[in-house]
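Okay, so here's the structure we're looking at.
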Amino acid sequence: MGFSGISSSIILPTEGIIGIALKMYVVESKGGAIACMLLALFFLGTWPAVMTLLERRGRLPQHTYLDYSITNLLAAVIIAFTFGEIGKSTHEAPNFLTQLSQLSDNWPSVMFAMAGGVVLSLGNLSTQYAWAFVGLSVTEVITASITVVIGTTLNYFLDDKINNAKILFPGVGCFLIAVCLASAVHSSNAADNRAKLNCLSNDDKFQSVFCRATDISTSREAFPEKERRAKFGTAGFLVELENRRAIKVFGKSTIIGLAITFFAGICFSLFSPAFNLASNDQWHTLKIGVPKLVVYTAFFWFSVSCFVLAIILNVTFLYHPVLDLPRSSLKAYINDWNGRGWAFFAGLLCGFGNGLQFMGGQAAGYAAADAVQALPLVSTFWGILLFGEYRKSSRRTYVFLASMLLMFVAAVAVLMASAGHRK
């Protein structure tokens, strides 16, 4: 990947691989940026599946999100004290600890970074409830597509149009089409589920199937074969899922889930432009001579605000839950170790994924870095493999699903092809 490192006397001849200079390591080449984006894509597409697994196994989302928030912040701290401290600090690119001491000068950029963390936290918090209503795949597609349509457009202009507009905006159009197809997938799959459940009596639908808790940490999928009485995709499986999961969805309007999903998408569309403003100061809020926030410092402040808001909201939801969830407490949360390791793992995946996205965006433009919103490709894979989504659905649902994924692949390929190079 393209980095700039420690000694100005050594420059490797291969263009865009590794340049060594008197400053910290930063991604510089288009190839390095794309590598960061692809790795971020896998991380950001996997952590929602882990969170969904825990909810479907009955763990309260408030408990899961509190655990996730701790390691999400930890990932930013690790990045700051590794990449942000390697190499000699300069005036133009101070290292992490040096820039922390400059808060009185660079606070406007810090505020932009923290604003980005706030909207990301709101979006992530919303999606953990939306997953229960509309499924992992559709939630990720809709939120990612809204993020690209709005966020990419904002980033294109903030980055002084370094991305190729003739390539970039057709890619945005493909994402917009993917939103429409995702809605069609959800509508068709919901109709399939209603048809399955109509075969059961009301007593069967709400009969408690599971009466004991199981150990999440030893399970390789949401419903191990030995603990399932019904096959994936059947009406019986839907009943088992409803009785076991934390968020009950039977009898609730799917409009609630779609509304939460679209709200999350709006939040996600704003966090990357806010981070862009924090690290590049396009609005000239810093005084002359004050260095811009390096990506690692901006990501640290971004993650701090994300963490603080997540703690405040989820502690509140412990005592004042939403969507008819049971009331909990801090004591109950501290004592709930069932699945905590998975929640910590999800936080690390998300934290490192976001960090890699920003590292790539700083090099190739944040509009192109929004290609990581292809994460539904990964989430859909996990949704089908772990949770049996779309099993035994109608042919119509499968046609919509395949069309949605193909459109998504095309959108991501086009968006990455638009990548530029920040001077």
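The values are calculated or read from the model by the stated rules, or taken from the named source; none is laboratory data. As the structure is a computational prediction, the values presented were derived from the model and not from experiment. With ideal geometry, Cβ positions are generated from the backbone for all residues, glycine too; neighbour counts draw on all protein chains shown. Just so you know, the surface numbers come from the protein's heavy atoms only, side chains and all, with ligands and any DNA or RNA stripped out. Shrake-Rupley method; radii C 1.70, N 1.55, O 1.52, S 1.80 Å.
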Kindly provide the set of residues from region 359-417 that are closer than 24 Å to ALA191 by Cβ and not in a helix (DSSP H, G or I), ordered by number. GLY388, GLU389, TYR390, ARG391, LYS392, SER393, SER394
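One line per residue, one yes/no per condition, for (1) over 17 Å from the mean Cα position of the chain (by Cα); (2) farther than 30 Å from ARG391 by Cα:
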position	(1), (2)
TYR129	no, no
SER137	no, no
GLU140	no, no
THR147	no, no
ASN155	yes, yes
PRO170	yes, yes
LEU176	yes, no
If we keep only residues of region 336-358 that are in contact with a helix residue (DSSP H, G or I) (Cβ under 7 Å, 6 or more places away or on another chain) and outside any helix (DSSP H, G or I), then the residue least open to solvent (accessible area, probe 1.4 Å) is GLY339
Inside region 306-321, can you point out the residues that are more than 18 Å from CYS267 (Cα to Cα) and touching a Phe, Trp or Tyr at 6+ places or on another chain (Cβ under 8 Å)? LEU318
Could you list, ordered by first residue, the pairs with Cβ atoms under 9 Å in which the first is in region 322-341 and over 28 Å from ILE256 (Cα atoms) and the second is open to solvent by 80 Å² or more (accessible area, probe 1.4 Å), at least 6 apart or interchain? ASN338/ALA213
Looking at region 324-335, is at least one residue open to solvent by less than 40 Å² (accessible area, probe 1.4 Å), touching a helix residue (DSSP H, G or I) at 6+ places or on another chain (Cβ under 6 Å) and part of a helix (DSSP H, G or I)? yes
Could you give every pair whose Cβ atoms fall below 6 Å, whose first residue belongs to region 51-68 and is at positive phi, and whose second residue is open to solvent by 10 Å² or more (accessible area, probe 1.4 Å), counting only separations of at least 6 or pairs across chains? GLY58/ARG244; GLY58/ALA246
Looking at (1) over 30 Å from GLU55 (Cα atoms); (2) open to solvent by 10 Å² or more (accessible area, probe 1.4 Å); (3) among the small types (Gly, Ala, Ser), which is the only condition SER418 fails? (2)
Exactly one of (1) in contact with a helix residue (DSSP H, G or I) (Cβ under 7 Å, 6 or more places away or on another chain); (2) within 18 Å of MET359 (Cβ to Cβ) is unmet by GLU92. Its number? (1)
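Going through GLN373, GLN362 one at a time, which residue ends up being among the polar types (S, T, N, Q) and open to solvent by 40 Å² or more (accessible area, probe 1.4 Å)?
Values: GLN373 fails: open to solvent by 40 Å² or more (accessible area, probe 1.4 Å).
Sole residue among the options that is among the polar types (S, T, N, Q) and open to solvent by 40 Å² or more (accessible area, probe 1.4 Å): GLN362.
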If you go through region 301-310, how many residues are open to solvent by less than 50 Å² (accessible area, probe 1.4 Å) and either modelled with pLDDT under 95 or aliphatic (A, V, I, L, M) (or both)? 3
Could you list, in sequence order, the residues of region 386-413 that are modelled with pLDDT under 85, of a type in the set (Val, Ile, Thr) and open to solvent by 40 Å² or more (accessible area, probe 1.4 Å)? VAL409
